[in-house]
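Student: Attaching a single structure in structure tokens format; questions to follow.
The values are calculated or read from the model by the stated rules, or taken from the named source; none is laboratory data. Predicted, not measured: the structure shown is a model, and the values here were computed from it. When we count neighbours, we look across all protein chains shown, and the Cβ atoms used for this are built from the backbone with ideal geometry, even at glycine.
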Amino acid sequence: MTATTGTTTVSAYAAPSAKAPLERTTVPRRPVGASDVLIDIKYAGICHSDIHQARDGWGEGIFPMVPGHEIAGVVTEVGPAVTRFAVGDRVGVGCMVDSCRECVNCEAGLEQYCLEGNVGTYNALDRNGEPTYGGYSTHIVVDEAFTVRIPDGLALDVAAPLLCAGITTYSPLAHWNAGPGKKVAVVGLGGLGHMAVKIAHAMGAEVTVLSQSLRKKDDGLKLGADHYYATSDESTFEQLRASFDLIVSTVSAPLPLDKYLGLLRTDGAMVNVGAPEEPVSLNLFSVIAGRKTLAGSGIGGIQETQEMLDFCAEHGLGAEIELIDADRINEAYERVLASDVRYRFVIDASTI
Ligand SMILES: [Zn+2]
Ligand SMILES: [Zn+2]
């Protein structure tokens, strides 16, 4: 890290243009402002959405792009107005680094749904119009209001993926009251799905995994699932008809929604945290019969992210990870696309 007039230059891995492999480079970090903390990044998770964005699957990206919104590290400097953090604190940063802080959603702690749009941790412009760079980097400067504390009981490497995969599944499970006496189905056992299983189980729900095949059944049961079914087997949909209070779908492939809605009990909800790039079709009778809800959910607010980390620490929940050096990021991307990871790649930032 080199400093010049307040702005620092730090090492990072970036995609220089859409679809180009990531390579080592440097990016600027802003001076530590009054309410900012400077974080020495220790670990950064690789989220499927990093690949979408680096490869422009979600529309025009901002390049060079430093992905990474599952960040765990240690505070090394604090601005003069910072009150919640001190040098040496273990902290995390997730999918957003700012919001308007004034709208009805920000006031309610739902910064992820800020009416002016939250500022993404990367592939976004901050409120001064400067591009944001994510966690595949050695350091980041973030406002303390968008920084969360990683409890001592959680190791930083397995905590990193909680900042996206953990909160994205915790938020709908908490909102729709997963808990004792509730039957919850998790669709897909990947990065998000494996955390959904762990968290729903820790909340006390009866958990069923619905996966394409039974290939990961042993893992699913070890992670806390009570039951495991293959969706490629048509009899699954007959057998499990009207079974669940809540279905959390973590897959981004288009699903036959009418079939899945048939698995809900009356008043049940199916919540999508993964989304296909194309619009989907639905027969509305699938929700009319049984007063069912088809919903979506995106990450979680800052307060809720802290609550999730505290919950995970209390229950000893971290992500299942494969730790890699930064020079293997491109290879890891290919393996994520091939669903060949159990269950999250995490970059050791000391190798960046
Ligand atoms: Zn993510
Ligand atoms: Zn707002």
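Student: Considering only segment 1-56, give the strands (runs of 3 or more DSSP E) lying wholly within it that have at least 1 residues that are more than 16 Å from ligand 2 (Cβ to nearest atom) and modelled with pLDDT of 95 or more.
Tutor: Result: 7-14, 23-29, 36-45.
Student: Continuing with the same structure: Which condition number in (1) closer than 28 Å to Pro172 by Cα; (2) of a type in the set (A, V, I, L, M); (3) surrounded by 20 or more Cβ atoms within 10 Å (Cβ to Cβ); (4) away from ligand 1 (no atom under 16 Å from the Cβ) is the one that Ala44 fails?
Tutor: Only one criterion in (1) closer than 28 Å to Pro172 by Cα; (2) of a type in the set (A, V, I, L, M); (3) surrounded by 20 or more Cβ atoms within 10 Å (Cβ to Cβ); (4) away from ligand 1 (no atom under 16 Å from the Cβ) is unmet by Ala44, namely (4).
Student: Just wondering, is there one or more residues in segment 103-122 that are more than 16 Å from ligand 2 (Cβ to nearest atom) and in contact (Cβ under 8 Å) with a residue 24 or more places away in the chain? First the steps, then the outcome.
Tutor: Applying the first criterion (more than 16 Å from ligand 2 (Cβ to nearest atom)) to segment 103-122 yields 121-122.
Keeping just the survivors that are in contact (Cβ under 8 Å) with a residue 24 or more places away in the chain gives 121-122.
Checked against the condition, which is being more than 16 Å from ligand 2 (Cβ to nearest atom) and in contact (Cβ under 8 Å) with a residue 24 or more places away in the chain, segment 103-122 yields at least one hit.
Student: Determine whether Ala185 is buried (at least 24 other Cβ atoms within 10 Å of the Cβ), part of a loop (DSSP other than H, G, I, E, B) and modelled with pLDDT of 95 or more. Walk me through how you get there before you give the answer.
Tutor: On the way: buried (at least 24 other Cβ atoms within 10 Å of the Cβ): yes; part of a loop (DSSP other than H, G, I, E, B): no; modelled with pLDDT of 95 or more: yes.
Spelling it out, it is not the case that Ala185 is buried (at least 24 other Cβ atoms within 10 Å of the Cβ), part of a loop (DSSP other than H, G, I, E, B) and modelled with pLDDT of 95 or more.
Student: Restricting to segment 308-323, count the residues that are at negative phi and surrounded by fewer than 18 Cβ atoms within 10 Å (Cβ to Cβ). Give the steps one after another, and end with the answer.
Tutor: Step one: filter segment 308-323 for residues at negative phi, giving 308-315, 317-323.
Subsequent filtering for residues that are surrounded by fewer than 18 Cβ atoms within 10 Å (Cβ to Cβ) retains 310, 314-315, 320, 322-323.
So the answer is 6.
Student: Which of (1) in contact with a Gly (Cβ under 6 Å, 6 or more places away or on another chain); (2) surrounded by 14 or more Cβ atoms within 10 Å (Cβ to Cβ) does Ala34 not meet, given it meets every other one?
Tutor: (2)
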